[in-house]
Amino acid sequence: MRILSIMTVVGVAALATAQQSNQQLAQQPEKTFTSAADVDAMIAKAKKERKPDQANFIQPLLMLAPYAVNLEYRVEGIDTPATVHEKEAELIHVLEGAGTLTVGGKLVGEKRTNATNLSGTGVEGGTPRHISTGDYIFVPENTPHAFTKTQGRLIIMSIHVPRAGSPG
């Protein structure tokens, strides 16, 4: 299931178009394969190394600029900050667990985290959706979203898909 999920996300990435300068491509080391055993080891690492107050433990699964595929590990009782990726859509696949993903609306308590991302304390007026193992979600660029109400643990794979022609 995990390998199929990774292959699905890589296929979507291959179909998406984006332009990056040679300098930007050189700054990110390529990683074009992650085995199921590697994913299992990453999940074990996240479980072991995540700090008690850490909302999200993120590890890179694949990297082929301008695309980044991450494994994200969340636990019950700690909601992750709301987020807006201004120049990237985000494709999410739930590998394990369940929780609530709220998409849309307005970012509350907005602050800039870097040149192309915002974070906040929550999302107001968005659409909450219960998500669980096997679900796929596509969050459009510039759209507030937040993970809350994790049940046990929530392990997702996310790929950030830059807008075509975006300078990054």
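The values are calculated or read from the model by the stated rules, or taken from the named source; none is laboratory data. For clarity, every value in this text was computed on a predicted model and none was experimentally measured. With ideal geometry, Cβ positions are generated from the backbone for all residues, glycine too; neighbour counts draw on all protein chains shown. Ligands, DNA and RNA are excluded from the accessible area calculation, which covers all protein heavy atoms including side chains. Shrake-Rupley method; radii C 1.70, N 1.55, O 1.52, S 1.80 Å.
Some observations on this one:
- Residue in the range 128-138 that is of a type in the set (D, E), closer than 24 Å to Q28 by Cβ, open to solvent by 40 Å² or more (accessible area, probe 1.4 Å) and assigned to a loop (DSSP other than H, G, I, E, B) present: no
- Cross-chain or 6+ apart pairs with Cβ under 8 Å, the range 99-122 first and at positive phi, then part of a loop (DSSP other than H, G, I, E, B) and among the polar types (S, T, N, Q): G104/T143; G109/T121
- Within the range 40-72, the set of residues being of a type in the set (A, V, I, L, M, F, W, C) and touching a residue at least 24 places away in the same chain (Cβ under 8 Å) comprises M42, I43, A46, A55, L61, L62, M63, L64, A65, A68, V69, L71.
- Selection within the range 141-155 - over 18 Å from N56 (Cα atoms) and open to solvent by less than 70 Å² (accessible area, probe 1.4 Å): E141, T143
Yes/no matrix, rows are residues, columns are (1) within 16 Å of the chain's Cα centre (by Cα); (2) more than 27 Å from P144 (Cα to Cα); (3) modelled with pLDDT under 95; (4) crowded, with 16+ Cβ neighbours inside 10 Å:
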{"position": "Q19", "(1), (2), (3), (4)": "no, no, yes, no"}
{"position": "L62", "(1), (2), (3), (4)": "yes, no, no, yes"}
{"position": "P66", "(1), (2), (3), (4)": "yes, no, yes, yes"}
{"position": "L101", "(1), (2), (3), (4)": "yes, no, no, yes"}
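- Selection count, the range 81-97, where residues are among the hydrophobic types (A, V, I, L, M, F, W, C) and either at pLDDT below 95 or open to solvent by 10 Å² or more (accessible area, probe 1.4 Å) (or both): 3
- Yes/no for S158 being in a strand (DSSP E or B) and under 14 Å from Y73 (Cα atoms): yes
- Scanning the range 39-69 for residues that are part of a helix (DSSP H, G or I) and touching a strand residue (DSSP E or B) at 6+ places or on another chain (Cβ under 8 Å) yields a count of 7.
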